[in-house]
Amino acid sequence: MSTFLISVGIGLATAGILALSAVAFTLEYAVSRVANFAHGELLTIGAYAAYSGQRLFHQNVGAAALIAAAAGLVAGLAMNAGLIEQFRGRSATTVFIATLGASLVLQNLIEMIYGAANVSYSFSQGGLHHVGPFLWTTSNIEVIISALAVAGLIYLLLQRTRFGKAIRAVSQDRTLAQVSGIPARQVVMGTWALAGAIAGFAGFILADTIGTFGPGLGFSFLLLTITATVAGGIGRPYATLGGALLVGLVIQIAGTYTSSAYQLVWAFALLVLLMLFRPNGLFVQRGATAVRA
Amino acid sequence: MYWVSVVTEAAIFAILALGLDMVWGWAGDFDLAFYGYLALGSYMTMVLTIGKPIPPVSYIIGWRLPYPLALLLAVAAVIALAAVIGAIALRNLREIYFAVTTLSAVSALYLFVENYTPLFDGYNGVYGLINPGQTALNLTYNGYRIVFLGVVLVLLALVYLTVQRLSASPFGRMLRSVREDEHAAAAYGRGVFSAKYRAYLFGAALAGLAGGLFAVFISAFNPSAWTPQELLVIYAAILVGGRGNPFGVVAGVFAVYIGFIEVTRFLPSPAARPEFGPALRQVLIGLLIILVLKFRPEGLFRERLSRDRSPQ
């Protein structure tokens, strides 16, 4: 059993959580053209909702996950209606600063409700399993399977449904979609609900994987999410999934060989390099529609 | 003495805000690395003045330079760091790409400082810069604090006058033209990168100066003193006062620090929940940012733009 393969295995679990968070972030960007800095708080809300819910449904991981997704969905809808739509038509930086303000508000509201001290779930992580060359806990496996499942569902949704087609149209050009008879406002709302639900669920599995978490859970995961999104290609769901896989593996492997304290330093160094050389993303063709603001 | 300390803090942050406003207000770059420059200014001033570390404490350099000289060297170190980050981030990244790049640069720096103890003693930070020059000036503790406030206010006035002059100078106008339309400015022969870069280095130098003064003000510095959230208060102050207007920026800092933070200090904070009050204050600052952006994005004092004075 090599250290390298173990870290690849853990990297895949990290990449799974990252993929969910980053896909939600990229969907928000696709329809609203906003780098949502309050995205991390959607994860935190999901994690804390599941924490409150576990008192009602003892030891039921499925129920906790559903509660997290539902809370994220509501928060996503509220964020779109209460913040993003209010700033429609303003410059990208203005909306971005507004989301920074919203992040500060939400993070501290959660702290006021739940306190600053870390909390944890009482779900068991399950035993260790050898799967092929990898060594995973039961919850690692659940994370990877659910990430794959969500990725598959998003693919089906975007490619095979009218709603998915409408999302793609709105993300290309909202006004043009509107005049073509697509109810753009509802599509944007639906996308935020979807992104919120994914983010809430991601928050729950992130909190469960880390073990203990506080009000800063989502915010500290935000830069990693952005790194993964930018690595793939912001506003492009499939490219984002690729970016999450890459970033998850890079930080886990680099962290194993240096020190886990420097994991995030590697991620940020990667982000700066990407910004310098491929700001449109690794998995986006050169010359494709520029998303540079 | 309470008010002396409040005004000193506000004046130090006004210097930082004037620097930040050159970058954001004039040149239009939303930077999130700025608190890192304040932090480096503080750390460098500390390690240049407090002497050799006593194990288990560890940090670099450990000289005993006179404070003004240490302050100058600290500012130089900050400019060097800003020269690297600015060269990477300003070359062709704009708006959110610039913001994200500067934020990841400062976050990497933060994690590195926190974990790599030989640099600035990691999480514990450095301390021991207590009233430099107090014995030489033969002052009491309180007297020193008042003199220090005077020094900070004089420096703020000097910085303000310099920035005010720059604001109305061809350089200030060029930066604003670059902000409004980079391509048009470039077409008229303005060096976009060099203009933004110079503004960035100047702004960072002011942040470093504020950091060096802050080191004396709190006499200790560790990673909990420079979380990314701290910078948002400065942005809120610039927004309230009036982005791009030096007078507005200073007024905004004093309004937000004194009017807002000091008033909210008296918010209820139950003994069992000591984090309640500070968290509520952060909520209010976040709301303030959103509401000002929504309803009065130009702030209390509008940016003064130069008018076309050529004969009609």
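Here, each number is a calculation from the coordinates, and none is a lab measurement. Predicted model, so just to flag it, every value in this text is computed and none were measured. Note that we place each Cβ from the backbone using ideal geometry, even for glycine, and neighbour counts take in every protein chain shown.
What are the semi-axes of the equivalent ellipsoid of the range B:2-225, taken as the square roots of 5 times the eigenvalues of the Cα gyration tensor, listed largest first and rounded to whole Å? Before the final figure, lay out each step's value.
Details: eigenvalues 212, 93, 32 Å².
Ellipsoid half-lengths, sorted descending, are 33, 22, 13 Å.
Multiplying the sequence separation of residue A:56 and residue A:163 by 0.36 nm and subtracting their Cα-Cα distance, what value in nm do you get?
Details: separation 107, 0.36 × 107 = 38.52 nm, distance 3.41 nm.
35.1 nm is the gain from fully extending residue A:56 to residue A:163.
At 7 Å along the Cα-to-beta-carbon direction for both residue B:224 and residue A:258, put a label point, then send me their distance in nm to one decimal.
2.6
Name the helices (complete DSSP H segments) of chain A with a Cα length along the long axis of 24 Å or more and a Kyte-Doolittle mean of at least -0.5, or state none. Can you show the working numbers first?
Numbers: long enough: A:3-32 (42 Å, 1.70); A:39-56 (27 Å, 0.07); A:61-79 (27 Å, 2.17); A:92-114 (33 Å, 1.40); A:138-160 (32 Å, 1.38); A:184-210 (38 Å, 1.27); A:237-257 (30 Å, 1.30).
Answer set is A:3-32, A:39-56, A:61-79, A:92-114, A:138-160, A:184-210, A:237-257.
So what is the relative contact order of the range A:100-171, in percent, for Cα pairs below 8 Å that sit 6 or more residues apart? Present the calculation step by step, with values, prior to reporting the outcome.
Values: 24 pairs, mean separation 9.0, N = 72.
Worked out over the range A:100-171, it gives 13 percent.
Which value at 222 nm does chain B reach when only helices count, each DSSP H run of 4 or more adding -39,500 (n - 2.57), with the total divided by all residues and rounded to the nearest 500 deg cm²/dmol? Display every interim value, and only then the final one.
Values: 13 runs with 202 residues, N = 312.
Mean residue ellipticity, 222 nm, calculated: -21500 deg cm²/dmol.
Work out the mean other chain Cβ neighbour count within 10 Å for the residues of A:104-116 and drop it here as an integer. Before the final figure, lay out each step's value.
Values: counts 13, 9, 2, 5, 12, 5, 1, 8, 9, 2, 0, 6, 6.
Other-chain Cβ atoms within 10 Å of each residue's Cβ, averaged: 6.
Show me, bin by bin at 20 Å from 0, the whole-percent P(r) of the protein assembly as shown based on Cα pairs.
Per 20 Å bin, starting at 0, the Cα pair percentages come out as 19, 53, 26, 2, 0.
Show which aspartates and glutamates lie in cross-link reach of residue B:294 when reach means a straight Cα distance below 16 angstrom and same-chain residues fewer than eight apart are skipped.
A:85
For chain B, which DSSP H helices look membrane-span-like by this rule: Cα extent along the axis of 27 Å or more and mean Kyte-Doolittle of at least 0.0? Walk me through the intermediate numbers first.
On the way: long enough: B:2-21 (28 Å, 1.59); B:67-89 (32 Å, 2.52); B:95-115 (30 Å, 1.11); B:141-168 (41 Å, 1.45); B:192-218 (38 Å, 1.43); B:276-295 (28 Å, 1.89).
Those that clear 27 Å and a mean of 0.0 are B:2-21, B:67-89, B:95-115, B:141-168, B:192-218, B:276-295.
At what distance in nm do the modelled label points of residue A:278 and residue B:3 sit from each other, each positioned 7 Å from its Cα along Cα→Cβ?
6.0
Whole percent per 5 Å bin, from 0 to the bin with the longest distance: what is P(r) over all C-alpha pairs of the range B:96-158?
4, 14, 12, 11, 10, 13, 19, 10, 4, 2, 0
Can you give the mean number of other chain Cβ atoms that lie within 10 Å of the Cβ atoms in peptide B:288-299? Could you put the intermediate results ahead of the total?
On the way: counts 3, 7, 12, 2, 3, 8, 7, 0, 0, 4, 0, 0.
Across the residues of B:288-299, the mean count of other-chain Cβ atoms within 10 Å is 4.
Hey, got a sec? Which chymotrypsin sites (Phe, Trp or Tyr not before Pro) in the range B:185-270 land in a DSSP loop and have at most 15 other Cβ atoms within 10 Å? Don't skip to the end; give the middle numbers.
On the way: sites: B:188, B:193, B:197, B:200, B:202, B:214, B:217, B:221, B:226, B:235, B:247, B:254, B:257, B:260, B:266; in loops: B:188, B:266.
Within the range B:185-270, the qualifying chymotrypsin sites (Phe, Trp or Tyr not before Pro) (loop, at most 15 other Cβ atoms within 10 Å) are B:188, B:266.
Compute the normalised compactness of the range B:1-135: alpha-carbon radius of gyration over 2.2 N^0.38 Å, N being the residue count.
Values: Rg = 16.4 Å, N = 135, 2.2 N^0.38 = 14.2 Å.
Against the empirical 2.2 N^0.38 Å value, I get 1.16 for the range B:1-135.
Give me the net charge for the shell around residue A:180: Cβ to Cβ below 15 angstrom, other residues only, Lys and Arg +1, Asp and Glu -1. Display every interim value, and only then the final one.
Working: positive: A:162, A:165, A:168, A:174, A:185; negative: A:173.
With Lys, Arg at +1 and Asp, Glu at -1, the net is +4.
If you add up the charges near residue B:27, with Lys and Arg at +1 and Asp and Glu at -1, over every other residue whose beta carbon is less than 9 angstrom from its beta carbon, what do you get? All intermediate terms of the calculation are to be shown ahead of the outcome.
Numbers: positive: B:176, B:179, B:196; negative: B:29.
That works out to +2.
Remind me, relative contact order of the range A:19-125 in percent, using alpha carbon pairs under 8 angstrom and six or more residues apart?
About 33 percent, as a whole number.
Taking R0 as 25 Å, what FRET efficiency do you get between residue A:113 and residue A:81 from their Cβ-Cβ distance, rounded to the nearest 0.05? It would help to have the intermediate numbers written out before the result.
On the way: r = 22 Å, r/R0 = 0.86.
With a Förster radius of 25 Å, E is 0.70.
Before anything else, pin down the relative contact order of the range B:2-225: Cα pairs under 8 Å, at least 6 apart, normalised by residue count, whole percent.
Numbers: 322 pairs, mean separation 94.5, N = 224.
The normalised contact order for the range B:2-225 reaches 42 percent.
The range A:1-79 to the range B:74-152: how many Å between their Cα centroids?
If you average the Cα positions of each part, the centres end up 35 Å apart.
Averaged across the residues of A:93-99, what count of C-beta atoms belonging to other chains lies within 10 Å of each residue's C-beta? Walk me through the numbers before you get to the answer.
Numbers: counts 9, 4, 2, 5, 12, 7, 1.
Taking all residues of A:93-99 together, the mean is 6.
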